[in-house]
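Enquirer: I'd like to ask you about the structure that follows.
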Amino acid sequence: MTMTVSAEKHHVESGPSLRQRLAAQGFDAVTLLVIPSFVLLALLFIYPFAYGLVLSFEPKAGSAWSNYVRFFTDPYFYSTIWKTLLLSVPVTVLNLVFSLPVAFRVRLLYRQRLLTTILVIPITLGTVLIAEGLLNYLGPQGWFNRALLAIGLIDHPLRLVHNYWGVFASLVINGFPFTFLLVLSYVTGIDPALEQAAATLGASARQRFTHVYLPILMPGLAITFCLSFVQAFSVFPSAVLLGEPAGETRVMSIAAYQAAFEEYDYSLASAIAMIMGFVQLAIVIGMMASRGLFYRGPATGAKG
Amino acid sequence: MTIALQKFDELRLEHVRREFGSLNALKDVTLTVKRGEFIALLGPSGCGKSTTLNCIAGLLPVTGGAIWLDKRRIDTLRPEERGFGMVFQSYALFPHLTVKQNVGFGLKMRGVSKAEISRKVDDALALVRLSGQAQKLPGQLSGGQQQRVAIARAIVIEPPLVLMDEPLSNLDAKLRLEMRAEIRRIHNTLGATTIYVTHDQDEALSLADRIVVLKDGIIRQVGTPNDLYERPEHIDVADFMGFRNRIKGKVIRQTNDEATLAVGDSEITGLLRTSVQNGSEAYAAIRADDLITGDPGMNAFAARIDTIEYRGREFVGTARTMDGIDLVFRSDHAVDLGATIHLRAAPERVLVFSETM
């Protein structure tokens, strides 16, 4: 009897074990499962990034900064920033604008999954297949031009491939499903009772969109913009296959590719890749900062 | 007080139907609501009470019949053109707007001047006793406070009619009682006309001037709380008014206002609520309060006690008769589980209904 009492007393004094205290802080055996992915991330992302950064400051000739100086003084290089933005920003905006009405309609459908599946097929096809298809479809002898000629809308075929518009079309087709799925998830996350409440309060359909849906959707649309933009910004295959890689669609990734595999200047290529990364980062940070201007809480009518 | 609700004489629903698939259908609902009334639509889930409310609000189109506000036909108007204030079960507060902006939303959509909006919103918030919270977001409020904001938002547009869809069902029991009194107080202060959907008969009985009981898309009975409580006209209405015992039997004899049913080896006599045929099946309905322990004899059933609950002043239990009928009864003294007792009800506390109507 006495022994039991003293044992209990001892236990109370020592408090919870180290394991219990760690678990209370969120560290338990399951936490160890993040180690493999952390190692993988370090090997495949952090190390190459750091290596590229160091490499970009070790040019073939000149001072450490000479790659960057060369990039920003030679229009052949710095113009690629503008060319890439001119493709990726309008494409991203267009995809967002297209996605919104479609998502609002699909939200009400019973056969949502079927339509979603159809819309997602372009993702699974891959950029190269779509580029090859567009080459034929939009080419001078393709169906698109022949149809326009046949109905008499144009006199001679439009030039739609091997220029800006070919790449533009391909980026829209590749990017739309991705943008759409993200937008759909944000739109369906809004409690439909909010729209009904706005309607009974006298808001027209237009007012319901601008005063209720849009402000609540804005943070989600900003995130969607960033993800879609980053995807479009790193365009390479369609810029080569459908564009004019020596001229108006000479995007940053082509410049980096040429530096690495035509001039064999890995250091310059790394510098271009770094600049590419910072341009993307600047746009994304700008977008995320503007997100702070909007409401960011839950999209339902709070708790209850 | 600057909130003055628009005047009208009556709202009429004429043979309103709503058929869409088979769920929540309305089959021919006709109802007149007079200005100043507090009407409760009462019924089990799926009975069509929310559908009726949504048809009045314009959130669901009717598939037949018409809705009139005095001489204006409104069932063809869009919800934003009807101008009724609605309080939703989930409150449906705009999460990105402050309390003040939420309440002012309807006025802003109508193009009311800023000064006017500010004045009316302040009045509405004072009316629901929420003046100190104007700058908070809905997410920072408790459930009861959110409910008050939803009510303020619905009345500030000065609607002729206030529609409420189970507004208290998300609140805990204590708050529900408090808000129930609040809703009636606001209704009285404004002289509002309110249509209130609920599945809780206590709420309907305590709030409403008139109750409309719906079942399967049909109005079963319309009447004052006292009418419905004392004189239900249908077994389903009785069911909803606390007649928890529903005993099926065969009519063996009847007088002008009483009938006697044979239930197994026992007989039960009660007041006739609907006409019945001798020899046909009928129901005897008894409240648990009126079925008490006593001696064998007329209107008494021998039964074995299955459960017994202590309720402070009394005991409420369930027992099964020799014929396998489960009964809910009241007792003012403790009884033993498994004991056989006699449960009896005075004939004037038993209501007899025909099987179908």
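The values are calculated or read from the model by the stated rules, or taken from the named source; none is laboratory data. What you see is a predicted model; the values in this text were computed from it and never measured. Reconstructed Cβ throughout: ideal geometry from the backbone, glycine too, with neighbour counts over all protein chains shown.
Enquirer: I'd like to check something: does the stretch B:37-53 contain any residue that is closer than 30 Å to B:Ile117 by Cβ, within 14 Å of another protein chain (Cβ to nearest Cβ) and surrounded by 17 or more Cβ atoms within 10 Å (Cβ to Cβ)?
Expert: Within the stretch B:37-53, one or more residues are closer than 30 Å to B:Ile117 by Cβ, within 14 Å of another protein chain (Cβ to nearest Cβ) and surrounded by 17 or more Cβ atoms within 10 Å (Cβ to Cβ).
Enquirer: When the stretch B:145-160 is examined, which residues are found to be of a type outside the set (A, V, I, L, M) and either within 10 Å of chain A (Cβ to nearest Cβ) or free of Cβ contacts under 8 Å to residues at least 12 places away in the same chain (or both)?
Expert: Across the stretch B:145-160, the qualifying residues are B:Gln146, B:Gln147, B:Arg153, B:Pro159.
Enquirer: Look through B:Phe105, B:Phe84, B:Phe94 and report the one residue that is touching a Pro at 6+ places or on another chain (Cβ under 7 Å) and within 10 Å of chain A (Cβ to nearest Cβ).
Expert: Selected residue: B:Phe84, the only one of B:Phe105, B:Phe84, B:Phe94 that is touching a Pro at 6+ places or on another chain (Cβ under 7 Å) and within 10 Å of chain A (Cβ to nearest Cβ).
Enquirer: Determine which single condition A:Ala199 fails, assuming it passes every other condition in (1) without any contact (Cβ under 8 Å) to a residue 12 or more places away in the chain; (2) over 30 Å from B:Pro159 (Cα atoms).
Expert: Single failed check for A:Ala199: (2).
Enquirer: Among the basic types (Lys, Arg), closer than 30 Å to B:His333 by Cβ and modelled with pLDDT of 90 or more - does that describe any residue in the stretch B:250-263?
Expert: No.
Yes/no per residue for (1) crowded, with 21+ Cβ neighbours inside 10 Å; (2) within 30 Å of the chain's Cα centre (by Cα); (3) closer than 20 Å to A:His211 by Cβ:
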residue	(1), (2), (3)
B:Val99	yes, yes, yes
B:Phe105	yes, yes, yes
B:Met109	no, no, yes
B:Ser118	no, no, yes
B:Val128	yes, yes, no
B:Gly143	no, yes, no
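Enquirer: May I ask you to say which residue of A:Ala61, A:Ala42 is in a helix (DSSP H, G or I) and more than 30 Å from A:Ala193 (Cα to Cα)?
Expert: Matching residue, one of A:Ala61, A:Ala42: A:Ala42.
Enquirer: Do we have any residue at all in the stretch B:113-123 that's under 23 Å from B:Ser169 (Cβ atoms) and within 14 Å of chain A (Cβ to nearest Cβ)?
Expert: No, every residue in the stretch B:113-123 fails to be under 23 Å from B:Ser169 (Cβ atoms) and within 14 Å of chain A (Cβ to nearest Cβ).
Enquirer: Shifting gears a bit: Kindly check whether there is at least one residue in the stretch A:198-209 that is more than 9 Å from every other protein chain (Cβ to nearest Cβ), surrounded by fewer than 22 Cβ atoms within 10 Å (Cβ to Cβ), on the phi < 0 side of the Ramachandran plot and over 15 Å from the mean Cα position of the chain (by Cα).
Expert: yes
Enquirer: Here's a follow-up. Being among the charged types (D, E, K, R) and at pLDDT 85 or above is the filter here, so list the residues in the stretch A:22-39 that pass it.
Expert: The answer is none; no residue qualifies.
Enquirer: Among the residues of the stretch A:182-197 satisfying the criterion of being more than 11 Å from chain B (Cβ to nearest Cβ) and in contact with a Leu (Cβ under 8 Å, 6 or more places away or on another chain), which is surrounded by the most Cβ atoms within 10 Å (Cβ to Cβ)?
Expert: A:Val183
To keep it simple, each residue is scored yes or no on (1) touching a residue at least 40 places away in the same chain (Cβ under 8 Å); (2) under 27 Å from A:Ser228 (Cα atoms).
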| position | (1), (2) |
| --- | --- |
| A:Gln25 | no, no |
| A:Leu33 | no, no |
| A:Val39 | no, no |
| A:Ala50 | no, yes |
| A:Asn67 | yes, no |
| A:Phe71 | yes, yes |
| A:Tyr78 | no, yes |
| A:Trp82 | no, yes |
| A:Leu87 | yes, yes |
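Enquirer: Output the residues belonging to the stretch A:218-231 that are in contact with a Leu (Cβ under 8 Å, 6 or more places away or on another chain) and not hydroxyl-bearing (Ser, Thr, Tyr).
Expert: Answer for the stretch A:218-231, where residues must be in contact with a Leu (Cβ under 8 Å, 6 or more places away or on another chain) and not hydroxyl-bearing (Ser, Thr, Tyr): A:Gly220, A:Leu221, A:Ile223, A:Phe225, A:Leu227.
Enquirer: So which of B:Glu178, B:Glu203 is of a type in the set (Asp, Glu), out of contact with any strand residue (DSSP E or B) (no Cβ under 6 Å at 6 or more places or on another chain) and either surrounded by fewer than 19 Cβ atoms within 10 Å (Cβ to Cβ) or at pLDDT 95 or above (or both)?
Expert: Unique residue meeting the criteria: B:Glu178.
Enquirer: State whether one or more residues within the stretch B:306-321 are free of Cβ contacts under 8 Å to residues at least 12 places away in the same chain, touching a strand residue (DSSP E or B) at 6+ places or on another chain (Cβ under 6 Å) and not hydroxyl-bearing (Ser, Thr, Tyr).
Expert: The answer is yes; a qualifying residue exists.
Enquirer: Please indicate, with yes or no, whether at least one residue in the stretch A:142-162 is touching a helix residue (DSSP H, G or I) at 6+ places or on another chain (Cβ under 9 Å), among the small types (Gly, Ala, Ser) and closer than 23 Å to A:Leu86 by Cα.
Expert: Among the residues of the stretch A:142-162, not one is touching a helix residue (DSSP H, G or I) at 6+ places or on another chain (Cβ under 9 Å), among the small types (Gly, Ala, Ser) and closer than 23 Å to A:Leu86 by Cα, which makes the answer no.
Enquirer: Look at B:Asp28 and say whether it is on the phi > 0 side of the Ramachandran plot, surrounded by fewer than 17 Cβ atoms within 10 Å (Cβ to Cβ) and not hydroxyl-bearing (Ser, Thr, Tyr).
Expert: yes
Enquirer: Right, next: Determine whether the stretch B:221-228 contains at least one residue that is hydroxyl-bearing (Ser, Thr, Tyr), out of contact with any strand residue (DSSP E or B) (no Cβ under 8 Å at 6 or more places or on another chain) and surrounded by fewer than 18 Cβ atoms within 10 Å (Cβ to Cβ).
Expert: no
Enquirer: Looking for something more than 17 Å from the chain's Cα centre (by Cα), crowded, with 22+ Cβ neighbours inside 10 Å, in a helix (DSSP H, G or I) and more than 14 Å from chain B (Cβ to nearest Cβ) - is there at least one such residue anywhere in the stretch A:159-166?
Expert: yes
Enquirer: Right, something else. Can you find even one residue in the stretch B:329-340 that is within 18 Å of B:Leu261 (Cβ to Cβ) and out of contact with any helix residue (DSSP H, G or I) (no Cβ under 7 Å at 6 or more places or on another chain)?
Expert: For the stretch B:329-340, residues within 18 Å of B:Leu261 (Cβ to Cβ) and out of contact with any helix residue (DSSP H, G or I) (no Cβ under 7 Å at 6 or more places or on another chain): absent.
Enquirer: Then there's this: Kindly indicate whether B:Val149 is touching a Pro at 6+ places or on another chain (Cβ under 9 Å), under 18 Å from B:Leu42 (Cβ atoms) and among the hydrophobic types (A, V, I, L, M, F, W, C).
Expert: Answer is no for this residue.
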